[in-house]
Amino acid sequence: MWKSCLAAVFVATAVAVPIAAQPVAGATPTLDWQDCAADVSAPAGTQCAVLSVPIDYAKPNGDQLSVAVYRSAATTASSRGALFVLPGGPGQTGVSAIGGLRGENSPVKDFDLISLDPRGVGRTNPIMCPTGDLLAQPGGTDFTAWQAYNARLAGSCVVEPPALLQHLSTGEVAQDLEKLRVAAGLDQVNLYGHSYGTLLGQRYLAGYGEHVRAAVFEGVMDPAMDRRTFLSTAAQGTEDAFGQLKLWCAKTGTCADIDQTLRSVRAKADAGQLAGTDSGRPWTAHGVDATVDGMLLTGAWPIITDFLTSLNSGKEWKTDAQGDLPKSINYADPIVCADYPITAGSAEDVRTDLTPIMGYSPNSIGHSLKCVGWPGTPTAGKASASRSANPALLVNAQFDNATPVAWARSVKQQLGDKAALFTPRAWGHGASIFAPGCAQDGIRSYLTDLRVPTGQCTVTPPDVTVLP
């Protein structure tokens, strides 16, 4: 789910409910597990509880935060132990993360699943912003426009207590996760995280890895990135993903010169010559690039070619109806600003000429701009580390434009023999743990027997019959 959580605006149907800050909690955390309330939308049998943690771990006896936590018992006759499911996004809730792994094709039916809503998300004191303000974000990469927009947005968003804005980092969520392990009475746990959840997993391994038997991180975030590395590696990942589309076009003969079509559509967008709108606003070149970037996440190349050729020929591109939206939305992108020193400091920092065709990553540029002016001091780039006796399994598609494989390779280098790298020949940002095939088999064998996957593995993207 490592993409802008603003995408959640178009599917959200309910307003998250914060749990108020509590007085000082006792030294030993406790949990009162109960069946989840009907409005939690949890899988059958899921239980809910509230975990009390310090808002500021430097002041353990100060004001406390009530973290929403969830557990779902194994659906087989016996359990292999606890699997902490680490929410992605940022913005995914713990109950959503658990629900995704209770499907028919899940390879973890014999694990007890446990998760939490990270700080600022879901039922753990969410950052709530007016929906209209979120939909009014700038449509391009103009630094000055984003600076002014963020100032307005920060003034309209609400989080209680306000001090929580200074304590949203994933490192602090890792401390919350450790308190959850202790409160649940678990000596040893397993970890699974996809996308932004891999950052939480790495922070937990660094601090508390002695309690981790196995850890699978899929779509790997690199915790050590500075702003320039963040932008340049993401740009290359997006370029590589588009390059696969171009190869597919050449093999099928259905979309020759797709890169030229992209350039033509961009030029028409800048000239105001495209039909229709981009979510109610005039198309911009950045809007076109961001749409292509989002479509590349799925590896469904025919849809991308249809999108570009339709706009280029003067047709309007229809989007799904948004339906009724709530008045405010849980906006979690500021969590990225707490975790990474990626804020653009000036207009000169926002460069879009990093690669020949795509130029840049709309996703990474977007997060750099969204962090301009937000309160709090970002965590300095800090290398991944592990205190676990067993190596973590890093899983990354070779052509992932959201978390490029270069990030997984960097984390492998940081962890050394504390990690194994598994890079299926796959396209997009999907979680292979959900889809039967060689990648899911590799994850299953590691979680059950600590056996690291070897050999070639190709995952065919949907609706594509001829691969590059």
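What follows is calculated from the coordinates using simple rules that are stated; it is not laboratory data. Here the structure is a predicted model, which means the values were calculated and not measured. Methodologically, a virtual Cβ is constructed for each residue, glycine included, from the backbone with ideal geometry; neighbour enumeration extends over all protein chains shown.
The magnitude of the dipole of the chain, with charges of +1 and -1 set on the Cβ of Lys/Arg and Asp/Glu and taken from the Cα centre, is near 480 debye. Each eigenvalue of the Cα gyration tensor of the chain, multiplied by 5 and square-rooted, gives one semi-axis; in descending order these are 35, 27, 20 Å. In region 134-229, the ratio of gyration radius to Kirkwood radius, Rg to Rh, stands at 1.09 when only Cα atoms are counted. Normalising the average separation of contacting C-alpha pairs (under 8 angstrom, six or more residues apart) by the number of residues puts the relative contact order of the chain at 20 percent. Cα axis of helix 143-156 to longest principal axis of the chain: angle in degrees, 0 to 90, nearest 10? The angle comes out at about 40 degrees.
Helix 197-208 axis versus longest C-alpha principal axis of the chain: approximately 40°, rounded to the nearest ten. Across region 60-77, computed HN-Hα scalar couplings (Karplus, 6.51 cos²θ - 1.76 cosθ + 1.60, θ = phi - 60°) run x, 9, x, 4, 10, 10, 9, 8, 6, 10, 9, 8, 9, 5, 3, 9, 10, 5 Hz from first to last residue, x flagging Gly and Pro. Overall shape of region 207-319 was characterised from the C-alpha gyration tensor. The equivalent ellipsoid obtained from it has semi-axes of 34, 17, 14 Å, in decreasing order. Of the trypsin sites (Lys or Arg not before Pro) in region 246-339, the ones in a loop by DSSP (not H, G, I, E or B) with at most 15 other beta carbons within 10 Å are LYS315, LYS318, LYS327.
Specify the angular offset, from 0 to 90 degrees and rounded to the nearest 10, of the alpha carbon long axis of helix 438-449 from the longest principal axis of the alpha carbons in the chain. With rounding to tens, the tilt is 10 degrees. Assuming charge only on the beta carbon of Lys and Arg (+1) and of Asp and Glu (-1), the dipole of region 331-468 about its Cα centre is about 420 debye to the nearest 20.
Charged neighbours of VAL67, selected by a Cβ distance under 15 Å, balance to -3 (K, R count +1; D, E count -1).
The ranking of LEU165, LEU231, LEU116 from fewest to most other beta carbons within 10 Å of each one's beta carbon is LEU165, LEU231, LEU116. Straight-distance candidates among the lysines for linking to LYS382, with alpha-carbon spacing under 17 Å and chain neighbours fewer than 8 residues away dropped: LYS412, LYS418.
Mean separation of Cα pairs under 8 Å and 6 or more residues apart, divided by the residue count, gives region 364-468 a relative contact order of 22 percent. The residues packed around TYR149, meaning those with a beta-carbon under 14 Å from its beta-carbon, carry a net charge of 0 if Lys and Arg are +1 and Asp and Glu are -1.
The phi torsions of region 393-410, fed into the Karplus equation with coefficients 6.51, -1.76 and 1.60 and a -60° offset, translate into couplings of 9, 9, 10, 8, 4, 5, 10, 10, 8, 8, 10, x, 4, 4, 5, 5, 5, 5 Hz, rounded to whole numbers, with Gly and Pro shown as x. Summary: within the chain, the longest segment free of GluC sites (Glu not before Pro) located in DSSP loops with at most 14 other C-beta atoms within 10 Å is 105-315.
Residues whose amide H falls under 5 Å from that of ALA420, counting only those 5 or more places apart or on a different chain, are ALA392, LEU393, LEU394, with hydrogens built in the peptide plane.
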